[in-house]
1. Considering the dipole of the chain built from charges on the beta carbon (Lys and Arg +1, Asp and Glu -1) around the Cα centre, which of Ala68, Gly217, Ala91 is farthest to its positive end?
2. For the chain, take the longest principal axis of its alpha carbons; what is the angle in degrees between that and the long axis of helix 190-199, to the nearest 10 within 0 to 90?
3. Convex hull over the Cα atoms of region 126-225, averaged projected area in nm²?
4. Tilt of helix 118-128 relative to the longest C-alpha principal axis of the chain, in degrees (0 to 90, nearest 10)?
5. What is the magnitude of the charge dipole of region 11-96 about its Cα centre, with +1 placed on the Cβ of each Lys and Arg, -1 on the Cβ of each Asp and Glu, and no other charges, expressed in debye to the nearest 20?
6. How do 39-45, 53-59 rank on mean C-beta neighbours within 10 Å, highest first?
7. Counting C-alpha atoms alone, how compact is region 15-116: give Rg to one decimal and Dmax as a whole number, in angstrom.
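What follows draws every value from the coordinates through simple rules; no lab data is involved. In this text the structure is predicted, and so the values were computed from the model without any measurement. Virtual Cβ from ideal backbone geometry, glycine too; neighbours counted across all protein chains shown.
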Amino acid sequence: MDEEVDWDREADNWVRWARTAGHDAYWQYRGAFFEVIVPAPGRRTVEVGCGEGRVARDLQERGHLVVAVDRSLKLLGYAKAADREGTYVQANGSRLPMSDASCDLVVAYNTLMDVADLPGTVAEVARILEPRGRFCVCVTHPLNDAGKFVGTEPGAVFEIAGSYFGRRRFEGTFERDGLSMTFRGWSSPLEEYVVAFERAGLLVEMIREPVPVATTGRYTAWHRIPMFLHARLIKP
């Protein structure tokens, strides 16, 4: 099995990157996720891969009772410091410390790309969901992962130089406005995600390809090619 991504290595950089308001794409796409994909609060929401906690905090602001899980002790420390009343637990997504049918909503926001065992993690989500429970997901769009814009102008060509198919490792360092962040994980075609959902017995209830809020600047081109894929699954 592939080795898990070690987020402790980038924890300090990620906190600076994620907590600088408006800095990354989260601020452009979170409205579409919370307003369209995430259902109204129920009895318990579990977030898988909470990182420094910004999604958990946004869920709580919307009335969710959240239990947030992450592998990284360093990121959990940051999350707890920012939200002392929140519940944050160290665990691997493929071995969640919750009992069967113990929640009605699970959220994985840009974390399924980081897990070594994608089918195992999705199966664990299905296990802890009660019947009719939902699984809300955001991932980097598989098309985005497969290619890149050749240039920075709004009409730049989007090119897939290799193959769209197959799961592959990725690593890339990005620098912007004095901040630097190295992302590591896996790129997967759409079919790989859907097969994991199928095998876990989850049904697709909703799929969206959101566009950014901004219509100018560096997000202009992302009105032509989707940056993220949003999905809501239901446990029958």
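1. So the residue furthest toward the plus end is Ala68.
2. 10
3. For region 126-225, the mean projected area of the Cα convex hull comes to 8.5 nm².
4. Helix 118-128 sits at roughly 40 degrees to that axis.
5. 220
6. The most tightly packed comes first, giving 53-59, 39-45.
7. Both quantities, over Cα of region 15-116: 13.0, 38 Å.
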